[in-house]
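Okay, so here's the structure we're looking at.
The values are calculated or read from the model by the stated rules, or taken from the named source; none is laboratory data. Please read these numbers as outputs of a predicted model, since none were measured by experiment. Note that each Cβ is placed from the backbone with ideal geometry, even for glycine, and that neighbours are counted across all protein chains shown.
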């Protein structure tokens with residue numbers, strides 16, 4: 001998957017998160033969990049774009065770590081949405097799967113970067 005495809009995919013994820021949050025019940029719990037999900041879910045794409053503008057390889061790796069963390073955090077908030085009965089699993093499972101896939105993509109990218117760095121600098 002190339003950079004443009006990932007930019008589009010993370011943006012689409014953010015838009016799906018916005019739609020999900022908008023459909024949550026307007027209870028206190030729904031608002032709190034919704035706000036947390038909204039922040040983490042929209043941060044995935046924003047942090048990925050930031051990573052693409054990294055000033056160094058170390059900065060790029062760090063920012064990809066943020067992308068992975070935000071995607072994983074988004075998954076956590078979605079789990080809470082289901083576990084607290086704010087929404088049925090069948091309404092959330094597709095976006096939860098996307099969050100998991102994004103975590104896997106970025107975790108794999110970070111592992112690859114670290115392996116490359118070790119190969120280029122075996123003494124460090």
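With (1) farther than 16 Å from residue 105 by Cα; (2) over 10 Å from the mean Cα position of the chain (by Cα); (3) at pLDDT 95 or above as the list, and residue 40 as the residue in question, which single condition is left unmet?
For residue 40, the exception is condition (2).
If a residue has to be touching a helix residue (DSSP H, G or I) at 6+ places or on another chain (Cβ under 7 Å), in contact (Cβ under 8 Å) with a residue 40 or more places away in the chain and surrounded by 14 or more Cβ atoms within 10 Å (Cβ to Cβ) to count, how many in the range 76-116 make the cut?
Going through the range 76-116 one residue at a time, the tally reaches 15.
Please specify each residue of the range 45-70 satisfying the condition of being within 20 Å of residue 115 (Cα to Cα) and touching a residue at least 24 places away in the same chain (Cβ under 8 Å).
Within the range 45-70, 52, 57, 60, 61, 64, 65, 67, 68 qualify.
Any idea which of 4, 73 is without any contact (Cβ under 8 Å) to a residue 12 or more places away in the chain and either surrounded by 12 or more Cβ atoms within 10 Å (Cβ to Cβ) or in a helix (DSSP H, G or I) (or both)?
Exactly one residue qualifies, and that residue is 4.
When only residues in the range 76-89 that are part of a helix (DSSP H, G or I) and more than 18 Å from residue 22 (Cβ to Cβ) count, which is nearest to the chain's Cα centre (by Cα)?
Per the stated criteria, the residue is 76.
Filter the range 7-28 for residues that are part of a helix (DSSP H, G or I) and free of Cβ contacts under 8 Å to residues at least 40 places away in the same chain and give the result.
Matches in the range 7-28: 8, 11, 12, 14, 15, 18, 19, 21, 22, 28.
In the range 39-63, which residues are outside any loop (DSSP other than H, G, I, E, B) and over 21 Å from residue 96 (Cβ atoms)?
The answer is 49, 50, 51, 52, 57, 58, 59, 60, 61, 62, 63.
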